[in-house]
Amino acid sequence: MQMKQLGKTELQVSEIGFGAIPIIRLEQQQATAVLRHALERGINFFDTANAYRDSEEKIGRALKGERDKIVIASKSLLRDAKGVREHLERSLQMLGTDYIDLYQLHQIAQEKDWQAVSAPGGALEEIIRARDAGKIRYLGVTSHSLPMAIKLVRTGLFSTIQFPFNFIEEGAALELIPLAEQLGMGFIAMKPFGGGAIDNAAVAFKFLRQYPTCIPIPGFESTAQVDEVVDFYAAPNQVEAADLDLMEDYRQELGKRFCRRCEYCLPCPNGVLITPAMGYKIVVNRMSPAVAVDFCQGPMESVANCNACGICIDRCPYDLQIPEIIKGHQQLYLEHCRAAGR
Ligand code: SF4
Ligand code: SF4
């Protein structure tokens, strides 16, 4: 596994990191096996968050005694200094460490988020204080909004930007990645599989490896998944015409219907659970129609409340025709219910 410098920081990270959401579905023993296997295979960069339930705690237990070999990134969704101080202290405790290498202000999506964190008494002044006190080595930020991410990079306050990047969500390639490179910032690619929409690991990483400064952080929940990706990185990257065709097929299939789960469209005034309803087809693909109808029952039944007011369309930065899509998913759901005898 090749090591890379994360932007201008002194952090040397493996060219792929470990996104630590999926380990919340594992028992500690399994999580320990996957995390330790990743470390043995050369992955030293672990991205977690206070919000990922017991992810930090599992990492802390699994990688106890390895602190000097790993780079830990965590984050907080809170916007105020007091809340972030509490989150940071909890993260340090759960991870069993007295410093976090990279601490990120999470999901700074809209101007109001930025105003809140950067105001007096906001989260930013607290993480700067914590960095000066040695509890954080570097400051980072995450966003799902391209204009906001560009604005955040330009502030010069952060060492890294974490943003969705995959061959369906390629927006960062044009300006954000070059700008981050130019300013010496690390670029961390969240959602390398499009949040589960891309089910072909080889093609997903062939695309990402064309951007050598980008550090993807796929989520792993088995040692086999770790091996698949690490083995893939062992060979030189070669993007063939057939790979480009396949990427294009995915884009055509998902393009104007692909929900990035950014949640800018929320809340629905009529109580529709938009994000999970938008993701119904993905759940069907990952599970089966019979399982999906139970798993998605609440969100799919909430679609009946949609009166097509269009408020969510105005809020969606990807111009998705949300009412039309969720009504289509509702039809599919009802067909699956009938087939499953519900
Ligand atoms: S169009 Fe439907 S889902 Fe969207 S905000 Fe209106 S009622 Fe809610
Ligand atoms: S529908 Fe649009 S705004 Fe809502 S979560 Fe999906 S991509 Fe984001």
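Computed from the coordinates by the stated procedures, all read-outs in this text should not be read as laboratory data. Worth saying up front: this structure is predicted, and the values here are computed from it rather than measured. Positions of Cβ are generated from backbone atoms using ideal geometry, with glycine treated the same way; all protein chains shown enter the neighbour counts.
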* For SER159, residues with placed amide H under 5 Å, excluding near neighbours -> LEU139, GLY140
* Asked: Per residue of the chain, what 222 nm ellipticity follows from adding -39500 (n - 2.57) for every DSSP H run with n ≥ 4, rounded to the nearest 500?
  -> -13000 deg cm²/dmol
* To do: Go ahead and run the numbers for FRET between LYS327 and GLN110, Cβ-Cβ distance against an R0 of 35 Å, rounding to 0.05.
  => 0.80
* To do: Hey, can you grab everything whose amide H is under 5 Å from the amide H of GLY122? Only 5+ residues off in sequence or another chain; H modelled, so Pro and N-termini drop out.
  => ALA81
* Asked: Using 20 Å as the cut-off for backbone N distance, which residues of segment 258-299 belong to the label zone defined by a point 7 Å from the Cα of ALA339 along Cα→Cβ?
  -> 277-299
* Please identify, among LEU176, LEU266, LEU39, the residue showing maximal mean-square fluctuation in a Gaussian network model of the chain using a 10 angstrom Cα cutoff. => LEU266
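Normalised by the residues of the chain, what does the relative contact order come to in percent, with Cα pairs under 8 Å and at least six apart?
Relative contact order of the chain: 14 percent.
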* **Under 27 Å from the Cα of LYS327 - lysines, other chains or at least 8 residues apart** => LYS191, LYS256, LYS281
* Structure fact -> Under the 7 Å Cα-to-Cβ spin-label approximation, GLN12 and LYS69 lie apart by a distance in nanometres of 1.5
* Within segment 29-90, which GluC sites (Glu not before Pro) sit in a loop by DSSP and count at most 16 neighbouring Cβ atoms inside 10 Å? -> GLU66
* Asked: So which GluC sites (Glu not before Pro) in segment 242-313 pass both tests, a DSSP loop state and at most 15 other Cβ atoms within 10 Å of the Cβ?
  -> GLU263
* With helices defined as uninterrupted DSSP H runs, which ones in the chain have an alpha carbon span along their own long axis of at least 15 Å and mean Kyte-Doolittle hydropathy of at least 0.0? -> 223-234
* Asked: Any idea how far apart LEU174 and ALA308 come out in nm if each label point goes 7 Å out from Cα toward Cβ?
  -> 3.1
* **Cross-link partners of LYS151 among lysines (Cα-Cα below 18 Å; sequence separation of 8 or more within a chain)** => LYS112
* To do: Return the loop-located GluC sites (Glu not before Pro) in segment 141-177 (DSSP other than H, G, I, E, B) with at most 16 other Cβ atoms within 10 Å of their own Cβ; answer none if there are none.
  => GLU170, GLU175
* Given the options SER288, SER143, SER14, state which has the largest fluctuation in a GNM of the chain using a 10 Å cut-off (strictly under) for Cα springs. => SER288
* Classify segment 181-321 as rounded, prolate or oblate from the Cα gyration tensor: take a ≥ b ≥ c as the square roots of its eigenvalues, call it rounded if a/c is under 1.5, otherwise prolate when a/b beats b/c and oblate if not. => prolate
* Asked: Across segment 164-177, in residue order, what do the Karplus-derived ³J(HN,Hα) couplings come to in whole Hz, using 6.51 cos²θ - 1.76 cosθ + 1.60 with θ = phi - 60° and x for Gly and Pro?
  -> x, 8, 6, 6, 8, 10, 9, x, 5, 5, 6, 10, 5, 5
* Asked: Does a label point 7 Å from the Cα of GLN29, set along Cα-to-beta-carbon, have any residues of segment 57-74 with amide nitrogen under 20 Å, and which are they?
  -> 57-64
* What is the Cα centroid distance between segment 309-342 and segment 97-168, reported in whole angstrom? -> 34
* Could you work out the per residue convex hull volume over the alpha carbons of the chain, in cubic angstrom? => 140
* Hey, how many Å between the Cα centroid of segment 28-72 and the Cα centroid of segment 185-243? -> 19
* **LYS4 long-range amide H proximity, modeled H, under 5 Å** => VAL13, SER14, GLU15
